1. Over the Cα atoms, compute the radius of gyration (one decimal) and Dmax (the largest Cα-Cα distance, rounded to a whole number) for chain A, in Å.
2. Taking the solvent-accessible surface of protein heavy atoms with a 1.4 Å probe, what is the per residue accessible area of the stretch A:40-110 in Å²?
3. On the protein heavy atoms, probe 1.4 angstrom, tell me the percent of accessible surface of the protein assembly as shown carried by carbon and sulfur.
4. Let me confirm one metric for peptide A:192-203, namely the mean number of other chain beta-carbon atoms within 10 Å of its residues' beta-carbons.
5. Over the whole of B:159-168, what's the average partner chain Cβ count within 10 Å per residue? Rounded to a whole number, please.
6. Would you jot down the residues in the stretch A:308-343 that end up with at least 50 Å² less accessible area in the complete protein assembly than in the chain alone, with a 1.4 Å probe?
7. Anything losing 20 Å² or more of accessible area from the isolated chain to the full protein assembly: pick those residues out of the stretch A:151-175, probe 1.4 Å, ligands and DNA/RNA ignored.
8. If ligands, DNA and RNA are left out, what is the accessible area of A:SER68 with a 1.4 Å probe, given in Å² to the nearest 10?
Amino acid sequence: MSTTTQQPQRRLLTSLADTIRSFVSGSRLLRLNAAAMPTAAALLIFVVLVTFGQVQYGGIVELGTISSLFINNAYLIILAVGMTFVILTGGIDLSVGSVVALSSVAGVMLANAGVNPWIAVLVMIAIGTVMGLLAGVLVDRFDVQPFIATLATMFLARGLASMLSTTPERLEADSAILGIATRLTIYDGPGVNDLVVPPSVIIAILTVVVAYVVLHRTRTGRTAYALGASEQSARLMGLPVARTRVLVYVISGSLAGLAAVTYTARLGSAQNVTGIGWELNAIAAVVIGGTLLTGGAGYVLGSLIGALVIALMNLLIIRDGSIPPESTTIITGGMLLVFVLLQRLVIARRRKG
Amino acid sequence: MTQTYSRLRAGLGALAHKPYIWGVLGIVALLIVNVTRDPGYLQISVNPANGYLAGNLLDILRESAPIVMISVGMCLVVATSGIDLSVGSVMAVSGAVAMEFLQAASAPQSTMSAAMALLLALTVSSLLGLVNGVLVAYVRLQPFITTLITMLAGRGLAKVITGGQNTSASSDGLAWIANGRVLGFPVVVIIAIALALLIGYLVRRSALGMMIEAIGINETASRMAGIKPHGLLITVYLLSGLLAGVAGVFSTATVMTVDVSNTGYLLELDAILAVVIGGTALSGGKFSLGGAVVGALLITTLDKTVVFLGVPSAATPAFKAVVIIVICLAQSSRVRALFRDRRGPVRMKERVA
């Protein structure tokens, strides 16, 4: 990965400041860039959800709740980041949920078989890498449609996970992997209201930051955007289209492996049925965050907001108690649909204007 | 004598050019594997007590009935260069509706209740298909994202309908459809064959089939040629939903219980696989209903064989994923070019579509 590095840190800081400024002045953003409308909408929904939750149920804007929001959804943030890369190029990765299942089952079984836990963690990530590589090669070298290629790897991973084990595999209580979810109290508030940051959350935040730098500050990132906007133009410009297209699936697969690490560490066990429907959550997070499903435009920070919106929504559904938890997928699906429609509207307006 | 021989040869030659010849050969190969394990595998016996035909072949036919239904629907959707990922979930919704209705009905054993349950289940599944169709035809959403949403939201809907329970009911009418026999032959098989023949007759004896293929080749061009794609697209998705509903009734009525998380789970891949094995390319523009039926039979035979050979059934998705990857590779232009170069002149026809 080649960086155009003259003053990387300063550039990063100014661009971060730019992004924050543009988020703050939402109305100016709309005038400047219609594609940013869904991201602005996501931010608005997030603020509305937080306000509504605080007023209706209370205890949302508290260090303890915010900590657990991040702790319980570190995996979703990581998955959404990986999905952002793929969707930016105009592809899709339906395999992430199954890859998490395969990778976590394999990891726990290895760790329990006496393999060094850190090697087990590396193997977990490597399993994701291999599945991503397979999908990427199918898509790029053999012209298989992305959703078919990743549907195939989705079933492959699910089937392999079921071959390994069909019962919950429990990590031994003294396993070092559990350390990834150790709750480090940063600020000891009153009662349970502490700011708690386990390594898993730090991993998730680091993933977002690295992805931000890669997407906005490296050639690889620019190529991903160019590829999604117009493959032909990208090719004519001499950009490494083939390499980048394989790479985004490898990134998504590897991050699914990483998500499996944080999820397994938090839960302490793994099962072959883990992660059913997570691809919808990840796609929804990305789309709600303002990345166009057709590729070429979007923000990885938006995906973070999208993931938080979904996490918060699930939290509010549990807090409310009157909405059956089974309907969560309907609500997520509905939100995804609304945002996809919003995107179509934005694109249609841009074509006219 | 020579005439019979040459006619046989011509017949075999025609069969060899059918798109589904590989499917037929696959079934034969799998059956041979089974026969080597158990020489009596192909035996069909008549149960003297009730005159029922029994045997592994009949089991395969019976179990293939739901898959034949969703494959026929999927085949037409794929021909328009779309995809319907929601069929498995629609099966669960249809089963849930039928079982909930019968459980609440005052006289569940009456034919009237059975008919009402059937009608209600098929209406709800058609509605889900209609939603897909409208979103694809009028809102112009990508088919896979539309049906991905209905796939995941549909599973949630099934759970909401039954309140998360696996509802059981009893109804002689539905049980007869699923387990009954006419002249010793399973009713589900007769219905499935009849429906497949009816649809095949409708699309091939009228211009419908050609119009569907025209949409798959180039929607804009088809509109300019005077075809109205909107109505046809909606019809195709609606039909796919309806057939998935039939499949849902078939598979839940066998045990008179809907398993909201497992009824139809992962069956969308089976349908896609059946369609692709049958020689229908996922890029659309050409379809073979007969091929889809052969594909569905092959998949059921594969399922049965895998279980017969002692592999846990949860692992079958992995085998199917391998099959679909191989088929996608075989269809890709890169692999084809590899073979074409060895076989001599380039066939110009292939890339026109």
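The values are calculated or read from the model by the stated rules, or taken from the named source; none is laboratory data. Every value quoted in this text rests on a predicted model; they were computed, and no experiment measured them. Note that each Cβ is placed from the backbone with ideal geometry, even for glycine, and that neighbours are counted across all protein chains shown. We work out accessible area using only protein heavy atoms, side chains counted, and drop any ligands, DNA or RNA first. Shrake-Rupley method; radii C 1.70, N 1.55, O 1.52, S 1.80 Å.
1. Here Rg and the maximum Cα pair distance are 20.0, 63 Å.
2. Values: 1980 Å² over 71 residues.
On a per-residue basis, 28 Å².
3. Carbon plus sulfur share of accessible area: 65 percent.
4. On the way: counts 0, 0, 0, 0, 0, 0, 0, 0, 0, 0, 0, 0.
Per residue, the average neighbour count from other chains is 0.
5. Values: counts 7, 7, 1, 1, 2, 3, 0, 0, 0, 0.
Taking all residues of B:159-168 together, the mean is 2.
6. Residues meeting the cut-off: A:GLU326, A:ILE330, A:LEU337.
7. Checking the loss per residue gives A:LEU151, A:ALA152, A:MET154, A:PHE155, A:LEU156, A:ARG158, A:GLY159, A:SER162, A:MET163.
8. In the full protein context, A:SER68 sits at about 40 Å².
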